[in-house]
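Note sheet for the following structure.
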Protein chains: 2
Amino acid sequence: VGLIGGSFALALKQNGCVQEIIGMGRSPEPLKQAQALGVIDTIAQDWAHALHQTDLVLIAAPVAQTGPLLQAMAPHLSPHTLITDAGSTKSDVVAAFYAHLPQHLAQIVPAHPIAGAEKSGVSAAQATLYQGKKVILTPLPESSPGAIQTVQAAWAACGADIHTMPPNEHDAVFAAVSHLPHLAAYALVHDLAKRPNAEQLFRYAASGFRDFTRIAGSHPEMWRDICLANRSALLTELTACIQELQQLQTHLTQNDAPAIEAIFDYAQRARNAWGSQQS
Amino acid sequence: VGLIGGSFALALKQNGCVQEIIGMGRSPEPLKQAQALGVIDTIAQDWAHALHQTDLVLIAAPVAQTGPLLQAMAPHLSPHTLITDAGSTKSDVVAAFYAHLPQHLAQIVPAHPIAGAEKSGVSAAQATLYQGKKVILTPLPESSPGAIQTVQAAWAACGADIHTMPPNEHDAVFAAVSHLPHLAAYALVHDLAKRPNAEQLFRYAASGFRDFTRIAGSHPEMWRDICLANRSALLTELTACIQELQQLQTHLTQNDAPAIEAIFDYAQRARNAWGSQQS
């Protein structure tokens with residue numbers, strides 16, 4: 001029950017889609033806060049309570065916790081409870097579903113909402129978080145049409161724009177446009193921060209640096225887990241990125257102005273074409 | 001007479017520091033526009049006109065043009081005209097001063113205003129552009145104390161926060177905090193944009209990607225010149241960046257969660273400490 005789960009709850013409540021929201025979590029304080037804020041109605045004492053006559057479960061935990069969570073849920077899960085999740089990686093989450101809930105695959109529709117996580121915690125939750133944002137569904141071959149329809153309707157009720165793709169395709173796309181940029185931003189800041197003259201360097205860093213490195217302010221544990229969960233696709237992207245930088249290194253060493261300008265120009269056109277399509 | 005030169009002119013005018021602003025440029029249209037906007041008072045017909053009884057020259061052109069510009073100015077430059085510039089690199093600009101104006105070194109005080117260039121052109125010029133922004137002066141050993149004092153006063157009158165350092169130190173610092181991030185942003189966008197599934201990738205790019213790649217929308221020709229002008233320091237940074245990425249590649253290949261988290265954590269703390277100091 002943090003930003004992601006809390007915002008899902010608030011959106012469904014606001015749209016009259018739900019009767020009761022039950023919160024479940026590792027520590028009691030955020031749950032009390034969520035209840036005080038009206039994000040959840042009830043705090044579950046344990047999984048038996050949390051899953052009793054529950055229609056839909058959203059798993060909104062760091063992806064590395066998915067396996068243990070499913071293991072704990074398994075004994076208490078009825079065939080009538082649908083499950084979706086909000087994990088930033090999908091192949092590993094899907095593998096965890098197959099490993100721990102093999103009897104429940106028809107009830108499961110994995111998802112990844114593409115919604116900002118700059119702030120975190122239930123106090124940042126808002127009913128409008130998913131408004132106009134993309135949510136990627138990666139249904140299993142075993143997911144029942146009814147389950148897909150209901151999970152899709154729940155995310156759509158949050159105002160999300162629903163997309164569907166296979167888990168491996170999802171992971172390849174997000175390794176490229178999200179996971180690698182995070183890794184690179186962390187790497188660049190780490191490289192500067194560890195130097196003896198780090199203070200001087202940061203003193204002269206300006207708005208370009210600010211925006212380029214903003215994502216290096218993201219939660220280290222969460223991103224460690226995402227990078228490891230999507231290791232294979234991320235390594236492919238990391239290798240491509242290093243090769244691209246090595247190519248620029250060669251052009252720079254050779255003073256090859258046209259080659260450098262061609263790369264910058266291609267990138268600038270693509271970036272500006274993309275930027276002008278964004279709201 | 002674009003964003004940088006125009007804003008300098010407007011700030012000095014607004015503070016009553018100047019009697020007449022003369023604009024000089026390659027093409028007539030921006031000069032006419034600058035005159036219509038009241039940014040400049042007079043359009044110079046040639047260098048003899050531009051430099052006649054002029055107290056202070058600001059060279060605000062792409063750094064690669066500095067040499068040819070100085071060569072053209074040299075025959076018309078009196079010993080009473082001070083010169084500053086706004087180049088993003090300093091060692092190459094200083095070398096151009098030594099090469100083309102060896103008789104005028106006492107009059108020269110190179111500078112680099114750290115002011116955003118997201119918009120460009122004289123229509124974007126504003127008197128407040130340098131307000132609270134850093135301007136780095138890299139005086140020559142030959143710069144006269146009076147020249148340093150006047151140039152410093154001019155930038156200070158624009159509201160800038162004046163810093164002084166040697167040109168090579170300037171170039172090392174900005175290779176790290178500005179030039180490398182630009183190069184990396186261009187590289188990442190180019191790597192994605194050239195792929196057959198580029199359209200799909202960009203479709204799912206979100207706010208992290210938007211900020212990380214914003215500087216890839218910068219002017220390709222200008223950044224080609226900056227990268228080549230600061231080639232040596234930039235190659236040092238590029239090598240360090242590739243090494244840092246290769247280290248993460250190793251950690252990822254070895255599934256070394258603590259090593260990855262340590263890098264992310266170090267970077268996140270440094271980035272957030274820096275971010276909290278920014279206005």
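Overview of results
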{"quantity": "Flagged links, alpha-carbon separation over 20 Å, of B:K90/B:K133; A:K134/B:K194; A:K119/A:K194", "calculated": "A:K134/B:K194; A:K119/A:K194"}
{"quantity": "Relative contact order (percent, whole number), chain B, Cα cutoff 8 Å, 6+ residue spacing", "calculated": "17"}
{"quantity": "Residue-count net charge about A:A233 - beta-carbon cut-off 11 Å; Lys, Arg +1, Asp, Glu -1", "calculated": "-2"}
{"quantity": "Share, in percent, of DSSP beta bridges within the protein assembly as shown that are antiparallel, nearest 5", "calculated": "20"}
{"quantity": "Label 7 Å beyond Cα on the Cβ vector: B:R26 copy-to-copy distances, nm", "calculated": "5.8"}
{"quantity": "Sequence-distant residues sharing a close amide H with B:K134 (under 5 Å, placed H)", "calculated": "B:I114, B:D161"}
{"quantity": "Label spacing, shortest first and in nm, from B:H163 to its equivalents in the remaining copies (7 angstrom along Cα→Cβ)", "calculated": "3.9"}
{"quantity": "Whole-Å distance, taken between Cα centres, linking the stretch A:88-154 and the stretch B:102-180", "calculated": "52"}
{"quantity": "Relative contact order %, the stretch A:7-160, counting alpha carbon pairs below 8 Å whose residues are six or more apart", "calculated": "25"}
{"quantity": "Degrees, to the nearest 10: A:257-277 long Cα axis against longest axis of chain A", "calculated": "30"}
{"quantity": "Base-10 log of normalised Debye intensity for the stretch A:230-269 (one unit scatterer per alpha-carbon) at q = 0.28, 0.31 Å⁻¹", "calculated": "-0.88, -0.95"}
{"quantity": "Using alpha-carbon coordinates, inclination of helix A:180-193 to the longest axis of chain A, degrees", "calculated": "60"}
{"quantity": "Fraction of antiparallel bridges per DSSP, chain A only, in percent to nearest 5", "calculated": "20"}
{"quantity": "Three semi-axes of the equivalent ellipsoid, the stretch A:138-279, Cα gyration tensor, whole Å, largest first", "calculated": "35, 20, 17"}
{"quantity": "Chain A, rotation onto B, residue closest to that axis via Cβ, with its distance in Å", "calculated": "A:D211, 2"}
{"quantity": "Dipole axis of chain A (+1 Lys, Arg; -1 Asp, Glu on Cβ), positive-most option in A:A127, A:L137, A:G217", "calculated": "A:G217"}
{"quantity": "Inter-copy label distances at B:G121 (7 Å, Cα→Cβ; nm, one decimal)", "calculated": "4.5"}
{"quantity": "Euclidean distance between Cα centres, the stretch B:1-77 to the stretch B:232-279, Å", "calculated": "43"}
{"quantity": "Chains B and A, summed buried accessible surface - 1.4 Å probe, Å², nearest 100", "calculated": "7900"}
{"quantity": "³J(HN,Hα), Karplus 6.51/-1.76/1.60, whole Hz, each residue of the stretch B:206-218, x for Gly, Pro", "calculated": "10, 5, x, 5, 4, 6, 4, 9, 3, 6, 6, x, 6"}
{"quantity": "Label-point separation, B:S144 to B:N15 (7 Å along Cα→Cβ), nm", "calculated": "2.2"}
{"quantity": "Ratio of the Cα radius of gyration of chain A to 2.2 N^0.38 Å, where N counts its residues", "calculated": "1.14"}
{"quantity": "Cα pair distances exceeding 27 angstrom across the stretch A:65-205, given as percent", "calculated": "34"}
{"quantity": "Spherically averaged projected area in nm², based on the convex hull that wraps the Cα atoms of the protein assembly as shown", "calculated": "27.5"}
{"quantity": "B:F8 accessible area, 1.4 Å probe, all protein chains in place, Å² to nearest 10", "calculated": "10"}
{"quantity": "Rounded to 5, the percent of DSSP beta bridges in the stretch B:1-146 classed as antiparallel", "calculated": "30"}
{"quantity": "Surface per residue (accessible, 1.4 Å probe) for chain B, Å²", "calculated": "43"}
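The values are calculated or read from the model by the stated rules, or taken from the named source; none is laboratory data. Just so it is clear, the structure is predicted and the values come from calculations on it, not from any experiment. So basically every Cβ, Gly included, is an ideal-geometry build from the backbone, and we count neighbours across all protein chains shown. Just so you know, the surface numbers come from the protein's heavy atoms only, side chains and all, with ligands and any DNA or RNA stripped out. Shrake-Rupley method; radii C 1.70, N 1.55, O 1.52, S 1.80 Å.
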